[in-house]
Amino acid sequence: MRWILLFLVIAISLGAQNTSGKRRILVEGHRGARWVLPENTIPAFRQGIEAGADLVELDIGVTKDNVLVVSHDLEIKPSICKGPAELPRAIRQLTVAQIKQFDCGWAANPEFPEQRAIPGTRMPTLAEVFRELGPMGDFHFNVELKSNPAKPELTPPPDEYVRMVLDEIRRFKLETRVVVQSFDFGLMRALGRIAPEIPRAALFGAEGDGFLAIAKQAGDVRVVAPQFRLVTAEKVREAHAAGLMVVPWTVNHPEDWQRLIDADVDGIITDNPEGLVRYLKERNLR
């Protein structure tokens with residue numbers, strides 16, 4: 001099956017129109033719903049799903065014993081996850097059993113005033129997320145492959161890393177309910193070679209040669225995910241004309257939501273999916 005057939009399944013509404021006559025904008029819960037709950041935890045993902053997100057975004061790393069775990073950082077931040085002082089902080093140097101000793105809900109993130117702590121919340125494995133949350137609805141997962149080019153020892157080699165992720169996707173029969181994204185275009189190209197049917201998105205924070213060139217560099221991906229300040233209506237029109245979707249990150253404030261809506265983006269990645277869903281509904285856009 002071609003990638004486009006799979007990606008269209010992500011939201012039937014992509015080709016449909018809402019009552020305003022405009023294409024439905026996908027709402028993507030960044031790290032679940034970081035606005036209100038500790039990031040990349042099962043409670044945060046559940047909150048995002050219940051808020052009406054079309055996708056929940058999560059980040060993964062790989063443990064010493066080759067288990068995929070959900071964490072934005074390849075080296076655990078004490079401000080996010082509190083654990084035994086004697087243990088290393090690099091996920092790749094820890095077994096999954098050691099990872100489970102860290103409390104990743106012990107404190108609310110002060111950058112998000114509405115966030116509340118959930119002490120005792122553990123870092124989930126990707127399998128736990130798929131198993132526990134997959135049955136909750138027809139939402140989709142956006143799985144971000146984390147890497148650090150300056151520290152390649154923190155992740156497996158690209159082809160091995162990609163195959164590990166694919167194994168989990170296939171084990172839970174989620175091929176039609178995932179997008180895989182990364183800032184690491186080498187990983188995106190590897191995924192395109194190994195499993196071209198899986199939708200891929202290129203993340204980037206600097207424009208470089210433009211959206212179309214970036215999509216090409218990442219292995220002819222069909223979704224570009226720029227830092228939201230890079231987005232203009234002209235760039236979106238150019239991307240759409242080339243058959244690309246534009247899904248910017250990470251957008252938390254109404255004035256920025258509106259600018260992106262006016263630019264005709266296809267989706268918005270936000271820490272506050274509940275707020276964005278409400279904002280769209282109030283404007284008859286959902």
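Can you pull out the trypsin sites (Lys or Arg not before Pro) in segment 103-166 that DSSP calls coil and that have at most 14 other Cβ atoms within 10 Å?
On the way: sites: 116, 122, 131, 146, 163; in loops: 116, 122, 146.
Of the trypsin sites (Lys or Arg not before Pro), the ones in loops of segment 103-166 whose Cβ has at most 14 other Cβ atoms within 10 Å are 116.
At 7 Å along the Cα-to-beta-carbon direction for both residue 282 and residue 108, put a label point, then send me their distance in nm to one decimal.
The answer from the label model is 2.2 nm.
Using only alpha carbon pairs under 8 Å that are at least six residues apart, calculate the relative contact order of the chain and give it in whole percent.
On the way: 602 pairs, mean separation 61.5, N = 286.
Computed value for the chain: 22 percent relative contact order.
Note down the magnitude of the dipole of the chain about its Cα centre, charges +1 on Lys and Arg C-beta and -1 on Asp and Glu C-beta and zero elsewhere, to the nearest 20 debye. Walk me through the numbers on the way to the answer.
Details: 36 positive and 38 negative charges, 83 e Å.
Roughly 400 debye for the chain.
As an exercise, take the mean of 1/r over every pair of distinct alpha carbons in segment 17-118, invert it, and state the Kirkwood radius in angstroms. It would help to have the intermediate numbers written out before the result.
Numbers: mean 1/r = 0.0678 Å⁻¹.
Averaging 1/r across every pair of different Cα atoms and inverting gives 14.7 Å.
Using every Cα-Cα pair within the chain, state what percent have a distance larger than 27 Å.
Cα-Cα pairs of the chain separated by over 27 Å account for 37 percent.
Treating segment 148-217 as a set of equal point scatterers at the Cα positions, no solvent, please give the Debye-formula log₁₀ I(q)/I(0) at q = 0.29 Å⁻¹.
Results for segment 148-217 at q = 0.29 Å⁻¹ read -1.35.
Of 33, 48, 139, which is farthest towards the positive pole of the chain's charge dipole, taken about the Cα centre with +1 and -1 on the beta-carbons of Lys, Arg and Asp, Glu respectively?
Most positive-ward Cα: 139.
Tell me which of 162, 248, 268 sits at the most positive position along the dipole axis of the chain, charges placed on C-beta atoms (Lys, Arg +1; Asp, Glu -1).
In the chain, that residue is 162.
For 140, 30, which order do you get if you count the other beta carbons within 10 Å of each Cβ and list the fewest first?
Numbers: 140 23, 30 30.
Least to most surrounded, the residues fall as 140, 30.
How about residue 151: which lysines have a C-alpha closer than 29 Å to its C-alpha, ignoring those fewer than 8 places off in the same chain?
64, 77, 82, 100, 216
Return the FRET efficiency for the residue pair residue 241, residue 95: r is the Cβ-Cβ distance, R0 is 51 Å, and the value is rounded to the nearest 0.05. Write down the numbers at each step before the final one.
Working: r = 49 Å, r/R0 = 0.96.
Plugging the Cβ-Cβ distance into 1/(1 + (r/R0)^6) gives 0.55.
Report, in whole Å, the centroid distance computed from the Cα atoms of segment 140-190 and segment 64-116.
With segment 140-190 and segment 64-116 each reduced to a Cα centre, they are spaced 19 Å.
Would you mind computing, in nm to one decimal, how far apart the modelled labels at residue 253 and residue 212 are, each placed 7 Å from Cα along Cα→Cβ?
3.3
May I ask you to sort 188, 245 by Cβ crowding, counting other Cβ atoms within 10 Å and putting the fewest first? It would help to have the intermediate numbers written out before the result.
Values: 188 26, 245 23.
Fewest-to-most ranking of 188, 245: 245, 188.
To the nearest 20 debye, what is the magnitude of the charge dipole of segment 125-205 about its Cα centre, counting +1 on the Cβ of each Lys and Arg and -1 on the Cβ of each Asp and Glu? Kindly include the intermediate steps, with their values, before the conclusion.
Working: 11 positive and 12 negative charges, 28 e Å.
Here segment 125-205 has a charge dipole of around 140 debye.
Every read-out reported here was derived from the displayed coordinates using simple, explicitly stated rules and does not represent laboratory data. Just so we're clear, the structure is a prediction, and the values are computed from it rather than from any experiment. In this analysis, Cβ positions are derived from the backbone assuming ideal geometry, glycine residues included, and neighbour counts consider all displayed protein chains.
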